[in-house]
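First up is the structure itself, then whatever we jot down about it.
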């Protein structure tokens with residue numbers, strides 16, 4: 001009897017920016033028991049060029065790995081396999097041309113999941129293996145192309161964030177040659193956390209807090225134009241958020257976004273130079 005055809009056999013395929021993983025489990029009365037775990041370092045994100053297009057070499061590496069996974073999964077039914085792809089699949093501009101070839105090599109559909117769904121799945125895996133006894137957990141997963149932050153205490157997370165900071169993308173950006181102390185100090189990342197004030201636990205994860213602000217009437221008009229909401233709807237959302245005064249109290253630096261787009265670019269460039277000088281001198 002081919003046990004791989006039995007309903008109790010399940011497989012997951014995780015197509016990350018650094019490595020591709022295949023895990024095969026046996027479902028024992030709702031408790032998965034790992035019977036095989038395969039991991040290959042593909043460094044898929046390393047194939048992204050300056051225009052966010054995947055190189056032919058990186059695509060070939062990925063397809064070779066997927067073909068090996070597909071061979072191992074031969075005999076599995078579609079309902080026994082879930083394949084998900086993460087950050088590099090989300091950001092690559094030529095992914096639409098690559099995805100059909102990837103699915104053909106694997107032999108199963110590939111679901112490109114959003115960052116927060118990735119965060120939820122990470123938390124689900126942790127909460128089922130970590131005995132937290134109802135305590136609040138902060139889970140941080142540093143991947144090849146993104147980093148996920150998840151808060152929770154029960155089976156479902158309460159807050160999730162996925163940020164485009166990964167070990168592959170940042171090593172290529174800052175450390176293409178041998179890592180020097182100067183390179184290391186000059187490397188800094190900017191993460192956008194809209195609920196930073198409302199969730200102070202995130203404040204301990206950053207060295208400085210930059211607030212980009214503008215007067216409330218301008219902010220209301222911009223959100224109405226961007227999202228097609230009424231003024232009442234925008235103000236109802238703002239009423240649930242931290243006040244400008246609370247944001248200013250925690251901010252180390254402030255950019256006033258009250259002028260043109262060119263004014264904003266210049267302000268960001270000035271702040272960038274200030275941060276480079278600050279971190280190089282640290």
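List of remarks:
- So residue 86, is it under 25 Å from residue 32 (Cα atoms) and in the same structural domain as residue 161 (by TED's automatic domain parsing): no
- Lone qualifier among 89, 69 - being part of a helix (DSSP H, G or I), under 27 Å from residue 147 (Cβ atoms), in contact with a strand residue (DSSP E or B) (Cβ under 9 Å, 6 or more places away or on another chain) and free of Cβ contacts under 8 Å to residues at least 60 places away in the same chain: 69
- Among the candidates 97, 68, the residue that is under 24 Å from the mean Cα position of the chain (by Cα) and surrounded by fewer than 22 Cβ atoms within 10 Å (Cβ to Cβ) is uniquely 97.
- All positions within region 213-238 that are free of Cβ contacts under 8 Å to residues at least 40 places away in the same chain and either within 18 Å of residue 193 (Cα to Cα) or not in a helix (DSSP H, G or I) (or both): 219, 223, 228, 229, 230, 237, 238
- Qualifying residues in region 186-198 (those that are over 19 Å from the mean Cα position of the chain (by Cα) and at pLDDT 75 or above) - the one surrounded by the most Cβ atoms within 10 Å (Cβ to Cβ): 197
- Lone unmet requirement of (1) out of contact with any helix residue (DSSP H, G or I) (no Cβ under 6 Å at 6 or more places or on another chain); (2) at pLDDT below 90 for residue 145: (1)
- Test: residue in region 171-179 that is at pLDDT 75 or above and either touching a helix residue (DSSP H, G or I) at 6+ places or on another chain (Cβ under 8 Å) or at positive phi (or both): yes
- Any chance residue 10 is at pLDDT 95 or above and either exposed (fewer than 15 other Cβ atoms within 10 Å of the Cβ) or over 20 Å from the mean Cα position of the chain (by Cα) (or both): no
- Pair list, Cβ under 8 Å, 6 or more apart: region 39-64 residue free of Cβ contacts under 8 Å to residues at least 12 places away in the same chain, other residue part of a helix (DSSP H, G or I): 55/47; 57/47
- Of everything in region 245-261 that is assigned to a helix (DSSP H, G or I) and at pLDDT 90 or above, the residue that is surrounded by the fewest Cβ atoms within 10 Å (Cβ to Cβ) is 245.
- The number of residues in region 200-212 being surrounded by 12 or more Cβ atoms within 10 Å (Cβ to Cβ) and part of a helix (DSSP H, G or I) comes to 4.
The values are calculated or read from the model by the stated rules, or taken from the named source; none is laboratory data. The structure presented is a predicted model; accordingly, all values stated were derived computationally and were not measured. A quick note on method: Cβ atoms are made from the backbone with ideal geometry, for glycine too, and the neighbour counts reach across all protein chains shown.
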